[in-house]
Amino acid sequence: MSLPARVRLVEVGPRDGLQNERQPIGIADKVRLVDDLSAAGLGYIEVGSFVSPKWVPQMAGSAEVFAAIRQRPAVTYAALTPNLQGLEAALQAGVREVAVFAAASESFSRRNINCSISESLARFVPVMDAARRHGVRVRGYVSCVLGCPYDGHIEPEQVAAVARELHGMGCHEVSLGDTIGVGTASAARRLFEVVGREVPRERLAGHFHDTYGQALSNIYASLLEGIAVFDSSVAGLGGCPYAKGATGNVASEDVLYLLQGLGIETGIDLRALVDAGQRISTVLGKDNGSRVARALLGG
């Protein structure tokens, strides 16, 4: 299969990247990050999450962030809304696209959200119904698609069953996440081959963590399967909570460098993206997690 001519990057840094940071991050810094990403040409930015601050303190100011960012007409500004209460809060904040998440692993589902996979999917029904009534699009996430910290290997058929349910209930796109970053290129190709029988490939996305240094090769393998949407995080923000000291999200700058080298269009300015990542890394007082950024910045 030939490579896609154009790829859309879903920037998850402001939400998935920042939510695990322990130090408080000011609203102004979050707003600056989102505005920097918009200016760099990102067409889809996951800005925040409408969950209980008790569970994810870092996302407590998501409504304020949405109110303050400079929203560009061609950019989608999305939020994670795991339940109906979260969706209602997102609607009040003017959010026009939301995301829900399920797991491909029973153990992960029970330990992460205290219910089975089927119970988690049932919880999304009222969310989907309300989103449909308000004309809000919903994106679905499936976690642990190539491995689970509790169950080990996950069969692609198991992932396909969950992805099929999410797509069937109205998710316009389903992102398959290698949560602990254990996947390899052959496993990624097999995953999309199997899931692609249940959900059209143009409705699928890849979300690869770089824990074992395999994210870019997994993305290339997915491109060969016709996948043209990938989640990534500027400066590689977001550690992997299941592997001490390990990296998490693949850096947007590194993915963009790969895509540019392949002649694939994204509409994103690499230098502007590098600057955005370096700015938030400085705010956080941490090293930039992007190898491309470190190379271009000479550090």
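The values are calculated or read from the model by the stated rules, or taken from the named source; none is laboratory data. Computed from a predicted model, the values in this text were never measured in an experiment. A quick note on method: Cβ atoms are made from the backbone with ideal geometry, for glycine too, and the neighbour counts reach across all protein chains shown. In case anyone asks, the SASA skips ligands and DNA or RNA and just uses the protein heavy atoms, side chains included. Shrake-Rupley method; radii C 1.70, N 1.55, O 1.52, S 1.80 Å.
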If you go through THR266, THR282, THR247, the only one that is more than 28 Å from ILE227 (Cα to Cα) and not small (Gly, Ala, Ser) is THR282
In region 174-213, anything under 13 Å from LEU258 (Cβ atoms) and not hydrophobic (A, V, I, L, M, F, W, C) is listed as GLY206, ASP210
All conditions in (1) within 29 Å of ALA161 (Cα to Cα); (2) touching a Phe, Trp or Tyr at 6+ places or on another chain (Cβ under 8 Å); (3) open to solvent by less than 10 Å² (accessible area, probe 1.4 Å) are true of VAL138 except (2)
A careful count of residues in region 143-169 that are of a type outside the set (Ser, Thr, Tyr), open to solvent by less than 40 Å² (accessible area, probe 1.4 Å) and under 19 Å from the mean Cα position of the chain (by Cα) gives 10
Here the residues within region 72-118 that are open to solvent by less than 10 Å² (accessible area, probe 1.4 Å), under 15 Å from VAL56 (Cβ atoms) and assigned to a helix (DSSP H, G or I) are GLY86, ALA90
Over region 29-46, the set of residues on the phi < 0 side of the Ramachandran plot and touching a residue at least 40 places away in the same chain (Cβ under 8 Å) is ASP29, ARG32, LEU33, VAL34, ASP36, LEU37, ALA39, ALA40, LEU42, GLY43, GLU46
Within region 170-188, the residues that are open to solvent by less than 10 Å² (accessible area, probe 1.4 Å), in contact (Cβ under 8 Å) with a residue 40 or more places away in the chain and assigned to a loop (DSSP other than H, G, I, E, B) are CYS171, GLY181
Scanning region 1-27 for residues that are free of Cβ contacts under 8 Å to residues at least 40 places away in the same chain and more than 18 Å from LEU258 (Cα to Cα), the one most open to solvent (accessible area, probe 1.4 Å) turns out to be ARG22
Residue count, region 33-60, condition out of contact with any Lys or Arg (no Cβ under 7 Å at 6 or more places or on another chain) and open to solvent by 10 Å² or more (accessible area, probe 1.4 Å), comes to 12
By residue number, the members of region 250-276 that are touching a Leu at 6+ places or on another chain (Cβ under 8 Å), outside any loop (DSSP other than H, G, I, E, B) and farther than 17 Å from TYR220 by Cβ are LEU270, ARG271, LEU273, VAL274, ALA276
Filter region 135-154 for residues that are of a type outside the set (A, V, I, L, M, F, W, C) and outside any loop (DSSP other than H, G, I, E, B); the one that is farthest from HIS209 (Cα to Cα) is ARG137
The residue from SER217, SER233 that alone is at pLDDT 95 or above and either charged (D, E, K, R) or surrounded by 20 or more Cβ atoms within 10 Å (Cβ to Cβ) (or both) is SER233
For region 1-17 the number of residues that are farther than 15 Å from TYR77 by Cβ and either in a loop (DSSP other than H, G, I, E, B) or in contact with a helix residue (DSSP H, G or I) (Cβ under 8 Å, 6 or more places away or on another chain) (or both) is 7
